[in-house]
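Scroll down for the structure; my scribbles are underneath it.
The values are calculated or read from the model by the stated rules, or taken from the named source; none is laboratory data. Just so it is clear, the structure is predicted and the values come from calculations on it, not from any experiment. Ideal geometry is used to build each Cβ from the backbone, glycine not excepted, and the neighbour counts take in all protein chains shown. Please note that ligands, DNA and RNA were not included when accessible areas were found on the heavy atoms of the full protein model with its side chains. Shrake-Rupley method; radii C 1.70, N 1.55, O 1.52, S 1.80 Å.
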Amino acid sequence: MDDDGKPTLKETPLYERETGNRFVRSGLLSFLSIVVIWELLARASGWSVHVFPDPWAVILSFIELLRDGTLVRHTVASLYRVTVGFYLAVLLGVPLGICLGRNLTARSFLNPVIHFLRPISPLAWIPLAMLWFGIGDPPAIFLIFLASFFPMVVGTTIAVQNINPTFFQVAANFRFSRRETLTRLILPAIMPEVITALRMTVTIAWLVVVAAEMIAVQSGLGYLILDARNALRMDFVMNGMIVIGLIGLMLDGIMKRLGQVESSQWGRHER
Amino acid sequence: MSHIQIDNLTKIYVGRRTQPRTMHDPEEHSGDNVLVLNNINLAFEEGEMVCILGPSGCGKSTLLRIIAGFEAPTYGTVKVGGRKVRGPSDQSIFVFQHSGLYPWMTVYENVGLGLRHIDDEEDKHSRIQEHVEMVELEGFEHYYPHQLSGGMQRRAELARAIAVNPDLLIMDEPFSGLDFLTHMKMREEVVNMHEFLRKTTLVVTHDIDDALIMGDRIVVLSGRPSAIKLVHVLDFPRPRNFEKDPGLSRLRSEIFLMLGVPYAV
Ligand SMILES: Nc1ncnc2c1ncn2[C@@H]1O[C@H](COP(=O)(O)OP(=O)(O)O)[C@@H](O)[C@H]1O
Ligand SMILES: [Mg+2]
């Protein structure tokens, strides 16, 4: 509140800032304890460093892979595939979801198919993907697309159906054109839910890219892990896993930021 | 000629499971069909403030939605300004019972909705500002609806409606959910607005005192299926006061009786 007793827009409540710091602190602490437990387990197991590498060995090889550029190259390859597949899914899935949400006929026609295809794991498509798209980027991108497309369509459809019908009457009252109904009503109204869907979907896409790279390609973090296994370099396997985890955190963080864009904030206070 | 002319209006909601092609008998509301409005005839004059009273669920909102063009009558016609209503229009702006403000737009953007076709940015800005000030929301232009109190939200929606300069203003229970003082202030504001702009205004309310204080004309509907119980022109001087005006006070007791409450408390 400012002097006039009006609530000010951009103030962060104190308790939110404090819990924010606490999350960072306890996050660091939990990672630290995992490393300690890992070290203890590695020592207690008595297994060789080739079977169960200790943290120090992994750190050393991490630096090695970072220096010779391997890690960066594979990460870029994986991110590229996720980005393309994910974007395609969003660019096709959100418009389709809007159509389905607005059109009962389309919904009754397509929904059964979508709900039939959705629970099929994208990994089940691997043989077909390889047959249709050969090897290289296309089959991997196709799998990521499949994994992201259905959740985006379903999430968007539900978001559109959830729009308060009063808002459409307001649009009719103010003589919105179809285009205005889309840009001034539907898109902003579904924004908060679509962002939630994006956040969940990007996680799925990231899970799938690693699996996809274990079959059809010669690059990417999935390939790095598979290749390291063939070479019996469990420390490289662990490096791959660590990078996957870090990138996953980063992607989620980006999506969370997106949710904090001011125009989508209204969703936090409604419903 | 009357501004709003309603002739033989009947509304039947057809249930989803049974959808007969023809309805021979409008009285019939068997099965899933609900007869909501039964043969309503009304005429309102230009510039009048009409208050519509009736028990909850009797079809007051339905009547307003039909006048606004959001729904079609089952039988009969509704004419506004001599022309048959065929659909929503920016000449009849509806103020919704529960907020119709777009929550993703600021007060300023909401009020500007009806002015979006004005090309001259200066003119547009000054007209938005004028209406924001009219409902005393200056300083809150860039607030989102969820950052405003209930009364402020109603005022913002009122400003948005008036900014279009419609011929007809339709308000569905504009004071419901407001606390007592906000209710009184808002009522005064609507009356002042009407004195100033002289637009035909329809207000649905379930508060008899609101209707008697505000209306140039009151309409009392019976329970479902709704028929008209009373249409009365109120030519009592303003500001109105039940204590000082025995005629008003008598009418009040009469309406209470009509709506099934024998003693006006
Ligand atoms: N779209 C609809 N379909 C079926 N019945 C409806 C519909 N809208 C309203 N009704 C019914 O019509 C009656 C009148 O509703 P309404 O006009 O909202 O009453 P009021 O505003 O007077 O409280 C209610 O019994 C309600 O159940
Ligand atoms: Mg109602």
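Observations, loosely collected:
- Carbon-plus-sulfur accessible fraction, the protein assembly as shown (probe radius 1.4 Å, protein heavy atoms only): 59%.
- Across the cross-link table entries B:60/B:244; B:11/B:60; B:11/B:185; B:60/B:124; B:79/B:199, which are compared at the Cα atoms, the separations over 23 Å belong to B:60/B:244; B:11/B:185; B:60/B:124.
- Its convex hull of Cα atoms gives the protein assembly as shown a direction-averaged projected area, equal to a quarter of the hull surface, of 35.7 nm².
- Interface area, chains A and B: about 2500 Å² of buried accessible surface, summed, with a 1.4 Å probe and ligands, DNA and RNA left out.
- Calculated FRET efficiency, residue A:260 to residue B:235, Cβ-Cβ distance, R0 = 51 Å: about 0.35 to the nearest 0.05.
- Placing dummy labels 7 Å off each Cα toward the beta-carbon, the span from residue B:165 to residue A:80 is 6.0 nm.
- Rounded to the nearest 10 square angstrom, residue B:45 shows an accessible area of 80 square angstrom against a 1.4 Å probe.
- Cα principal axis extents for chain B, largest first, Å: 57, 51, 37
- Among the residues of A:170-179, the average count of other protein chain beta-carbon atoms within 10 Å of the residue beta-carbon is 6.
- Shape call, segment A:13-169: gyration tensor on alpha carbons, a/c limit 1.5: oblate
- Top of B:184, B:152, B:49 by mean-square fluctuation, Gaussian network on chain B, Cα under 10 Å: B:184
- For chain B, the longest principal axis of the Cα atoms and the long axis of helix B:121-134 meet at an angle of about 60 degrees.
- Each residue was assigned an accessible area with a 1.4 Å probe, and for residue A:125 the value is about 50 Å².
- Computed from the Cα positions only, the extents of chain A along the three principal axes stand at 74, 61, 29 Å, in decreasing order.
- Loop trypsin sites (Lys or Arg not before Pro), segment B:57-99 (other Cβ atoms within 10 Å of the site Cβ: 12 or fewer; DSSP): B:86
- Separation in nanometres of the label points that stand 7 Å from Cα toward Cβ, at residue A:35 and residue A:60: 1.7 nm
- Principal-axis analysis of the Cα atoms of chain A puts helix A:14-45 at an angle of about 30° to the longest axis.
- Residues considered: B:224, B:116, B:198. Largest GNM mean-square fluctuation over chain B, using C-alpha springs under 10 Å, is found at B:116.
- Heavy atoms of the protein chains alone define the surface here; on that basis segment A:50-265 has 50 Å² accessible area per residue at 1.4 Å probe size.
- Using alpha-carbon coordinates, inclination of helix B:180-197 to the longest axis of chain B, degrees: 80 degrees
- Pairwise inverse Cα distances across segment A:134-247, averaged and inverted, put the Kirkwood hydrodynamic radius at 16.8 Å.
- These residues, B:229, B:199, go from largest to smallest accessible area, 1.4 Å probe, as B:229, B:199.
- Residues of segment A:180-195 with amide N under 20 Å of a point placed 7 Å along Cα→Cβ from residue A:109: none
- D_trans [Stokes-Einstein, Kirkwood Rh over alpha-carbon pairs] for segment B:202-265, 10 °C, 1.306 mPa s, µm² s⁻¹: 129 µm²/s
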